[in-house]
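Written out below as structure tokens is the structure these notes cover.
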Amino acid sequence: MDIKRALPRPQLRGVVRSFEERRAELGSAVMTWPVAARPHQILNIHLAEPYRVRIDGGPANTTPEMSVVGPQTYRRAHVHLSGSVHVFNILFQPTGLNRLVGINMTSLVNQDPAASDVLGQSAITLGDAVRAASNFLERVAAVERWAGMLLDKREPDGAIGYASRLLVAARGHARIDGLVKKCGLSASQFQRRFATQVGVTPKLFARTIRFDRALIARRNDPGKPWTDIIHELGYFDQGPLHPRMPRFHRLAAWRPHRRLGQHFFPGE
């Protein structure tokens with residue numbers, strides 16, 4: 001699978017984390033893998049055949065040509081690929097979608113609706129611009145123009161945006177009480193605003209980041225024992241990383257597909 005990645009221009013990095021594009025010709029072969037819990041907010045724009053996704057063991061259904069995938073707190077989706085794969089991905093910062101379109105992010109947790117359900121008419125404008133572009137960098141530029149126009153109408157970045165990005169940068173290890181103090185909010189205000197703007201509580205967000213980092217570490221070094229990875233990430237027992245996330249013994253059995261392993265993970 002050919003994977004391209006790019007960062008947004010500096011003015012947009014408070015709302016957009018990165019851009020990615022994946023392309024593969026699979027023919028009649030069918031590739032499938034589970035999507036683990038992850039903290040990311042991703043807008044997918046399919047430029048060829050959309051994925052088929054099975055949710056919570058149900059039938060495999062074709063995804064919308066444009067969809068928004070919110071934070072996932074457990075392994076609910078199983079992705080099936082075949083034929084021509086060409087998808088452009090926009091990875092948002094934790095508060096990026098909330099800041100751009102004002103959505104309450106709790107409505108997107110464990111959801112992957114059509115982009116039009118989240119962005120309205122703006123989704124059509126964005127989709128047309130991306131599909132009209134002739135290459136990856138032109139698609140990036142088209143999204144930057146779209147995001148820039150939306151951002152011009154929004155309030156400046158706030159305390160929750162700063163705190164959530166700090167949690168990502170710290171790989172989930174920043175102290176929540178320390179973030180509350182830096183933000184100048186009460187603990188209850190911080191919790192409420194964080195859930196609204198990010199989708200989950202600060203503690204669950206941090207745990208999901210650490211879980212995601214464990215899978216990335218395993219992808220980058222498949223021969224490394226899970227015990228080493230877990231201890232390096234600050235877990236000193238083999239219990240669950242979170243009640244709705246896999247226990248250690250389930251992690252130990254997890255294997256990314258050797259050809260599609262990188263598809264599981266957004267760029268670091």
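The values are calculated or read from the model by the stated rules, or taken from the named source; none is laboratory data. Note that this is a predicted model, so its numbers are computed, not measured. Virtual Cβ from ideal backbone geometry, glycine too; neighbours counted across all protein chains shown.
Observations on the structure shown:
- Checklist (1) in contact with a Lys or Arg (Cβ under 6 Å, 6 or more places away or on another chain); (2) closer than 20 Å to ASP128 by Cα applied to PRO8, failing item: (1)
- Some residue of segment 44-56 being acidic (Asp, Glu), assigned to a loop (DSSP other than H, G, I, E, B) and over 30 Å from GLY158 (Cα atoms): yes
- Only residues that are assigned to a loop (DSSP other than H, G, I, E, B) and of a type in the set (D, E, K, R) were counted across segment 1-22, and they come to 2.
- Checking every residue in segment 193-201 against the condition of being over 30 Å from HIS86 (Cβ atoms), in a loop (DSSP other than H, G, I, E, B) and either among the polar types (S, T, N, Q) or at pLDDT below 90 (or both) gives at least one match.
- The single residue among HIS78, HIS86 that is within 13 Å of ASN44 (Cα to Cα), out of contact with any helix residue (DSSP H, G or I) (no Cβ under 8 Å at 6 or more places or on another chain) and not in a helix (DSSP H, G or I) turns out to be HIS86.
- LYS153 meets each of the listed conditions (1) of a type in the set (Lys, Arg); (2) at negative phi; (3) in a loop (DSSP other than H, G, I, E, B); (4) in contact with a helix residue (DSSP H, G or I) (Cβ under 6 Å, 6 or more places away or on another chain) apart from (4).
- For TRP226, the criteria (1) modelled with pLDDT under 85; (2) within 21 Å of the chain's Cα centre (by Cα); (3) not aliphatic (A, V, I, L, M) hold in every case but one, which is (2).
- Annotation note: Cβ proximity below 9 Å between a residue of segment 1-21 that is among the basic types (Lys, Arg) and a residue that is assigned to a loop (DSSP other than H, G, I, E, B) and surrounded by fewer than 14 Cβ atoms within 10 Å (Cβ to Cβ) (sequence gap 6+ or interchain) occurs for ARG13/LEU7; ARG17/LEU7.
- Total residues in segment 156-177, condition within 19 Å of THR208 (Cα to Cα), assigned to a helix (DSSP H, G or I) and either among the small types (Gly, Ala, Ser) or modelled with pLDDT under 90 (or both): 4
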